[in-house]
Amino acid sequence: MVKKDLKIALGSDHGGYELKEKIKAHLNSLGYLVADFGTDSTDSVDYPVYAKKVCDEVLEKWADFGILVCGTGLGMSICANKIKGIRAVTPENTFSAKMSRAHNNANVLTLGQRVLGEELAYEIISAFLNTDYEGGRHQKRIDMFE
Ligand code: RB5
């Protein structure tokens, strides 16, 4: 079942701007509620600014999940994971995307425009958004680092 009632906070730097725009159109076409926190062009900007904006929306519970795009997904992931309560992942295949939800209760997905084609990015996003956290034995481990 596709969960279209989810709210998604979306952001990128210049290195992820084009893929972020495609993801926004894709998610909107599927009926998701998407809020775009920039950037708004390919002009050079600093990815930590956008990581913070999107993660704040997740922590404040406006958004169910955040999606951040930069050149590799890595800078966004490093920034997001410095914020308490954020569990950001950079899966480059659908299995990892599913497991990041099922076992790690990831709440932010970071993607690399220079790494992924748009179709694979959409598949990864679908796997991420449509997999539930399993809880149970996994929660103890999350509590240990939270
Ligand atoms: C920008 O050139 C690039 O460094 C940035 O998008 C990102 O890949 C950093 O991790």
Quiz prompt | Candidates G136, G117 - the one that is closer than 14 Å to L19 by Cβ, surrounded by fewer than 17 Cβ atoms within 10 Å (Cβ to Cβ) and among the small types (G, A, S) | solution = G117
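Give S96, S100, S77, S44 a once-over and let me know the one that is in contact with a helix residue (DSSP H, G or I) (Cβ under 9 Å, 6 or more places away or on another chain), within 11 Å of the ligand (Cβ to nearest atom) and in a helix (DSSP H, G or I). First the steps, then the outcome.
Numbers: S96 fails: within 11 Å of the ligand (Cβ to nearest atom); S100 fails: within 11 Å of the ligand (Cβ to nearest atom); S44 fails: in a helix (DSSP H, G or I).
Unique residue meeting the criteria: S77.
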Quiz item: Assuming E119 fulfils every condition listed in (1) among the charged types (D, E, K, R); (2) in a loop (DSSP other than H, G, I, E, B); (3) closer than 24 Å to H26 by Cα; (4) free of Cβ contacts under 8 Å to residues at least 24 places away in the same chain apart from one, which condition is it?
Solution: (2)
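Counting only residues that are touching a Phe, Trp or Tyr at 6+ places or on another chain (Cβ under 7 Å) and among the hydroxyl-bearing types (S, T, Y), which one in the range 19-41 is nearest to the ligand (Cβ to nearest atom)? Break it down stepwise before answering.
To start, the set of residues in the range 19-41 that are touching a Phe, Trp or Tyr at 6+ places or on another chain (Cβ under 7 Å) comprises 26, 37-39, 41.
Filter again for among the hydroxyl-bearing types (S, T, Y), leaving 39, 41.
Details: T39: 10, S41: 14 Å.
Per the criteria, the residue is T39.
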Practice problem: Quickly run through the range 100-115 and pick out the residues that are more than 14 Å from the chain's Cα centre (by Cα) and aliphatic (A, V, I, L, M). | Solution: A102, V115
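Taken together, the values in this text are just the output of simple stated rules run on the coordinates, not laboratory data. The model shown is predicted, which means the values in this text are computed figures rather than measured ones. Here Cβ is always computed from backbone atoms with ideal geometry, including for glycine, and neighbour counts include all displayed protein chains.
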